[in-house]
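K.L.:
Quick one: the structure is below, questions incoming.
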Amino acid sequence: MERPYDIIIWGASGFTGQLVVDYMSKNYANSNVRWAVAGRNTDKLTSILAGRDVPVLKADSHDQLFRHPSPTRPSNIDHRGTLRTLRL
């Protein structure tokens, strides 16, 4: 099963998240890296993107995608050791 995004920036509307979005925009805009931003407030996320063509995902920390690993939940690290989501 292929994931729709290589990197999801959770917390992109915060100070550090905005720095990560700027970095990703400058360094990966024309690459094969598929990335998106995620958070509770899509209006805030859209505003920090400032017109960049980046997908915005509405999500809460209680959503399955963003939970920390536990014995009963899949890990955020895949079998190759690659981080699937970055929580800031």
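The values are calculated or read from the model by the stated rules, or taken from the named source; none is laboratory data. Keep in mind it's a predicted model, so treat the numbers as computed, not measured. Glycine also receives a Cβ, built like all others from the backbone with ideal geometry; neighbour counts cover every protein chain displayed.
K.L.:
Filter region 1-45 down to the residues that are polar (S, T, N, Q) and in contact with a Leu (Cβ under 7 Å, 6 or more places away or on another chain) and list them by number. It would help to see each step written out before you state the result.
P.N.:
To start, the set of residues in region 1-45 that are polar (S, T, N, Q) comprises 13, 16, 18, 25, 27, 30-32, 41-42.
Across region 1-45, the qualifying residues are Ser13, Thr16.
K.L.:
For region 1-21, enumerate the residues that are in a loop (DSSP other than H, G, I, E, B) and either touching a residue at least 60 places away in the same chain (Cβ under 8 Å) or in contact with an Asp or Glu (Cβ under 9 Å, 6 or more places away or on another chain) (or both).
P.N.:
Arg3, Gly11, Ala12, Gly14
K.L.:
Pick from Pro55, Pro69: which is modelled with pLDDT of 65 or more and surrounded by fewer than 16 Cβ atoms within 10 Å (Cβ to Cβ)? Walk me through it before giving the result.
P.N.:
On the way: Pro69 fails: modelled with pLDDT of 65 or more.
Sole residue among the options that is modelled with pLDDT of 65 or more and surrounded by fewer than 16 Cβ atoms within 10 Å (Cβ to Cβ): Pro55.
K.L.:
If the requirement is being free of Cβ contacts under 8 Å to residues at least 60 places away in the same chain, part of a helix (DSSP H, G or I) and either charged (D, E, K, R) or loosely packed, with under 11 Cβ neighbours inside 10 Å (or both), which of these qualifies: Asp60, Asp43?
P.N.:
Details: Asp60 fails: part of a helix (DSSP H, G or I).
Sole residue among the options that is free of Cβ contacts under 8 Å to residues at least 60 places away in the same chain, part of a helix (DSSP H, G or I) and either charged (D, E, K, R) or loosely packed, with under 11 Cβ neighbours inside 10 Å (or both): Asp43.
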